[in-house]
Amino acid sequence: MALTSPLDAERIRADFPLLGREVHGKPIIYLDSAATSQKPNAVLDAMDLYYRTINSNVHRGVYQIAEQATNELEAAREKVRAFINASSVAEVIFTKNATESLNLLVQSWGRANLVEGDVVLLSHMEHHANIVPWHMLVAERGIQLRWIPLTADGQLDLTDLDALVEGAKVLSVTAMSNVLGTINSVRTLTDAARAVGAISIIDGCQSVPHTSTDVQALGADFLAFSGHKLLGPTGIGVLWGREELLAEMPPFIGGGEMIRDVRLDGFTCNDLPWKFEAGTPAIAEIIGLGAAIDYLSAIGIDNVRAHERMLTEYTLRTLSMRFGDDIVIHGPTEPEHRGGVFSFAFKDLHPHDISQVLDEHAVCVRAGHHCAKPLMKLMGVGATARASVYLYNTTADIDALGDALEAAGSFFAF
Amino acid sequence: MPGLEDLYREIILDHYRNPRNRGELESPPAQRVEGFNPLCGDEIVVYLELDDDERISDIRIGGQGCSISQSSASMMSAAVKGHTVAEVGDLTRAFKGMMSIHESSLGGESTEPEDLPDVKLGDLEALRGVVKFPVRIKCATLAWNTLAQAIDEASA
C-alpha cells in the first residue's frame with residue numbers, strides 16, 4: 001500500500017534555512033524535533049523585524065513603536081488563544097517554557113491548595129518537568145504521589161484508574177510521551193479527575209505542536225507547552241488555565257507588570273493574564289511564537305498530524321523490515337496510538353555509540369534518558385536512542401536513518 | 001574532521017567487548033561507590049579494596065554505559081590494580097590532563113602543563129582521541145571520578 005501525505009514536505013523544507021546546511025560534508029538529516037523543532041523563515045523574520053523596527057518595551061509606552069510592540073505581543077496572545085481554542089486571552093499566560101508553566105502551577109496553585117496527605121496522580125511516562133516540581137512539594141508539604149502504570153506496549157494502563165484517582169486532588173499527565181510517542185486518552189483521564197473533584201493538568205509539550213488542541217474539549221483545567229517545539233523560538237512557553245482557577249491563584253513571581261498598585265505596605269495584583277507575567281516579557285520570542293502559529297495554521301495542524309502518521313507508519317514498517325529482531329522500537333505498535341517519536345534499541349549497541357556513528361552520517365538523533373528516568377527504569381534501560389519527526393521530514397530521512405544504522409551495525413560488528 | 005577511528009580505537013573496542021575486572025566484591029569489606037553521568041544515564045559502580053599499605057589489592061567494575069565509559073573503566077581497573085593510592089593519584093592526574101589539555105586549548109595551540117606527573121599511560125593512551133569529541137570526555141572520565149571518590153571513602 002502506498003503511503004500518502006497531504007503535505008508537500010519538499011516545499012516545506014525550503015522554508016527552513018537550517019535544513020539546507022551540511023554537516024560533515026553531507027546534507028543534514030534532522031530527526032530530533034521532539035527535543036526542539038527547526039524554525040521557518042517566517043519566525044526568524046518576524047523576530048528580526050521586531051528588533052529592527054519596533055524594539056521597545058511593551059505596555060505603558062505612549063510613543064508609536066511601543067504601542068506597535070504592545071499590539072504585536074497581544075496579537076500573538078490572541079493567536080495562541082485561537083490555536084488552542086481557549087475562551088479568552090485572559091487564560092493565556094506566557095512563561096519561559098513548559099517547565100516553568102508546570103512549576104508555576106505547583107508553586108502557586110499547589111502551595112495554596114494542597115496540604116499534608118493530599119494525593120497527586122501522575123504517570124510512569126512523565127517528563128522530569130512533571131515530576132520534580134511535585135517532589136519539591138512532597139518535601140515541603142508532605143503531599144503524596146500516585147503513579148498510573150503502563151502496559152507492556154507503553155500505553156497508560158487505565159484498568160485501575162478509578163481506584164488510583166479516588167481521593168486525588170490533582171491529576172497531572174502528559175498528552176503525548178516524549179519517549180514512547182504514546183498519545184494518551186486525555187478526555188478519559190480528565191473525566192475521571194473531574195468525577196472525584198480533582199483538577200487536571202495536561203503536559204502538552206509533545207502534543208500541541210503535532211495534533212490539534214481544543215482546551216475546551218480536553219476537559220482539563222490547565223495545559224502547559226513550549227514554543228520552541230512548535231517552530232517557535234526558545235525562551236517562550238505557555239500556560240493555559242481556566243479563568244476562574246487562575247483568578248483565585250496567588251501570583252508566582254513578583255515584580256513589574258504583574259501589579260495594579262504597589263504601596264509601602266503591600267500590593268494588589270494586575271488582571272489576568274499579566275498577574276502571572278512579572279518583568280519585561282520575552283517580546284521578540286512571543287512575536288516569533290505568533291509567527292510560528294500563523295505558519296502552522298496556514299498548513300493546517302491536522303495535515304501535520306496526517307503527514308506524521310504517514311511517516312510513523314513508514315518508520316515502523318521500514319526499520320522492522322530492514323533490521324528485524326535487531327531493532328526494538330519502544331511504545332505502541334499502531335500508528336494511531338502514537339506520534340512521530342521513536343525510541344529504539346539497536347543490536348546491543350549503546351545509544352551514545354549509535355548516535356556517534358549517526359552523526360558521522362549527518363543524522364541527528366538524541367541519545368540518553370530524555371528527562372524521563374523513572375520511565376527508563378521501568379523499561380529496564382539506562383538510555384535509548386530517539387529519532388523524532390516533524391512536518392519537514394520525509395521518507396528519505398527515514399531511509400537515511402536506516403542506512404546510518406546499518407553503518408553503525410557494521411562498525412561495531414563483533 | 002576527526003573520524004570515528006580516532007574515537008573508537010581497536011584497543012578501546014577490545015576492552016568494551018572483553019571488559020577486565022568486571023563484577024562485584026563483597027561490600028563491606030570492599031568500598032562500593034556508584035558514579036552517574038546525569039546527561040546520559042550512564043552508571044559505573046567501583047568496588048575497591050585497599051590493603052594496609054594503601055595499595056589497591058582488588059578492584060571490580062559494575063554498571064552500564066557506552067563503549068567509551070565502559071572501556072575507560074576496564075582500562076582503568078587494569079592500570080590501577082596493585083598500585084598505591086599515591087601512584088593512582090598521579091595516574092589520575094595524568095589521565096585527566098590528557099582529557100583536559102585539549103579541552104582548554106580548543107581553537108588555540110596545545111599546551112603541556114608542566115606540573116603534570118610523568119606517568120606512562122600505556123593502553124590508556126588509546127583514549128586520547130576522545131578529546132576531539134568533547135561531549136564524550138565525560139564518558140571517559142566517569143570511572144576515574146568514581147574511583148577517586150571510592151579511594152576517598154576507603155581512606156577516610
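The values are calculated or read from the model by the stated rules, or taken from the named source; none is laboratory data. Quick caveat, the model's predicted, so the values are computed rather than measured. Virtual Cβ from ideal backbone geometry, glycine too; neighbours counted across all protein chains shown. Accessible surface is based on the protein model in full, side chains and every heavy atom, while ligands, DNA and RNA are left aside. Shrake-Rupley method; radii C 1.70, N 1.55, O 1.52, S 1.80 Å.
Computed values, structure above
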{"item": "Accessible solvent surface per residue of segment B:35-101, calculated while the other protein chains remain in place, 1.4 angstrom probe, Å²", "result": "34 Å²"}
{"item": "Rounded D (µm²/s) - segment A:44-298, Kirkwood Rh over Cα pairs, Stokes-Einstein at 10 °C, 1.306 mPa s", "result": "84 µm²/s"}
{"item": "Within 10 Å of each Cβ in B:33-43, the average number of Cβ atoms from other chains", "result": "4"}
{"item": "Added length on full extension, which subtracts the Cα-Cα distance from 0.36 nm per residue, A:GLU116 to A:SER212", "result": "30.8 nm"}
{"item": "Per-residue mean of C-beta atoms belonging to partner chains within 10 Å, peptide A:381-388", "result": "3"}
{"item": "Chain A - mean residue ellipticity at 222 nm from DSSP helices (-39,500 (n - 2.57) per run, n ≥ 4, rounded to 500)", "result": "-11000 deg cm²/dmol"}
{"item": "Chain B: translational diffusion in µm²/s, Stokes-Einstein, Kirkwood Rh over Cα pairs, 20 °C, 1.002 mPa s", "result": "136 µm²/s"}
{"item": "For the protein assembly as shown, alpha-carbon Rg relative to the globular expectation (2.2 N^0.38 Å, N residues)", "result": "1.07"}
{"item": "Considering only the protein assembly as shown, percent of DSSP beta bridges that pair antiparallel, nearest 5", "result": "70 percent"}
{"item": "Note, ³J(HN,Hα) from phi for segment B:61-77, Karplus 6.51, -1.76, 1.60, rounded to Hz, x at Gly and Pro", "result": "10, x, x, 8, x, 6, 4, 5, 5, 6, 6, 4, 5, 5, 5, 4, 4"}
{"item": "Nearest-20 debye value, segment B:4-155 charge dipole, Cβ charges on Lys, Arg, Asp, Glu", "result": "600 debye"}
{"item": "Folded to 0 to 90 degrees: helix A:301-323 orientation relative to chain A principal axis, Cα", "result": "30 degrees"}
{"item": "In Hz, Karplus ³J(HN,Hα) per residue of segment A:212-225 (6.51, -1.76, 1.60; θ = phi - 60°; x = Gly, Pro)", "result": "5, 10, 10, 5, 6, 8, 5, x, 8, 9, 9, 9, 10, 7"}
{"item": "In Hz, Karplus ³J(HN,Hα) per residue of segment A:147-164 (6.51, -1.76, 1.60; θ = phi - 60°; x = Gly, Pro)", "result": "10, 6, x, 10, 7, 4, 9, x, 10, 5, 8, 9, 3, 9, 4, 4, 5, 5"}
{"item": "Rg over Rh, two decimals, segment A:297-414 (C-alpha only, Kirkwood Rh)", "result": "0.97"}
{"item": "C-alpha center-to-center spacing [segment B:36-95, segment A:254-281] in angstrom", "result": "55 Å"}
{"item": "Angle in degrees between helix A:395-411 and the longest Cα principal axis of chain A, rounded to the nearest 10", "result": "60 degrees"}
{"item": "A:ALA407 paired with A:THR280, simple spin-label distance in nm, labels 7 Å along Cα-to-beta-carbon", "result": "4.5 nm"}
{"item": "Principal axis dimensions, segment B:1-65 - Cα atoms, whole angstrom, descending", "result": "48, 25, 19"}
{"item": "Shielding of B:59-66 by partner chains, average beta-carbon count, 10 Å", "result": "3"}
{"item": "Between 0 and 90°, nearest 10: helix A:283-299 axis offset from chain A longest Cα axis", "result": "50 degrees"}
{"item": "Threshold 40 Å² - residues in segment A:347-379 whose accessible area is reduced by that much or more when the chain is no longer isolated, probe 1.4 Å", "result": "A:HIS350, A:HIS352, A:ASP353, A:GLN356, A:GLU360, A:HIS369"}
{"item": "Accessible area buried at the A-B interface, both sides summed, 1.4 Å probe (Å², nearest 100)", "result": "1600 Å²"}
{"item": "Built amide H within the under 5 Å cut-off of A:LEU171, gap 5+", "result": "A:LEU121, A:ILE199, A:SER200, A:ILE201"}
{"item": "Rounded FRET efficiency, nearest 0.05, which uses the C-beta distance separating A:ASP326 from A:ASP153 and R0 of 25 Å", "result": "0.80"}
{"item": "Distance from segment A:153-229 to segment B:3-22 (C-alpha centre basis), Å", "result": "44 Å"}
{"item": "Top of A:GLY232, A:GLY117, A:GLY300 by mean-square fluctuation, Gaussian network on chain A, Cα under 10 Å", "result": "A:GLY117"}
{"item": "Residues whose placed amide H lies under 5 Å from that of A:CYS269, excluding near-sequence neighbours", "result": "A:ARG260"}
{"item": "Segments A:139-150, A:330-341, A:384-395, B:139-150 sorted - mean Cβ within 10 Å per residue, highest first", "result": "A:384-395, B:139-150, A:330-341, A:139-150"}
{"item": "Packing-based ranking, highest mean first, of A:206-215, B:77-86 given that Cβ atoms within 10 Å are counted", "result": "A:206-215, B:77-86"}
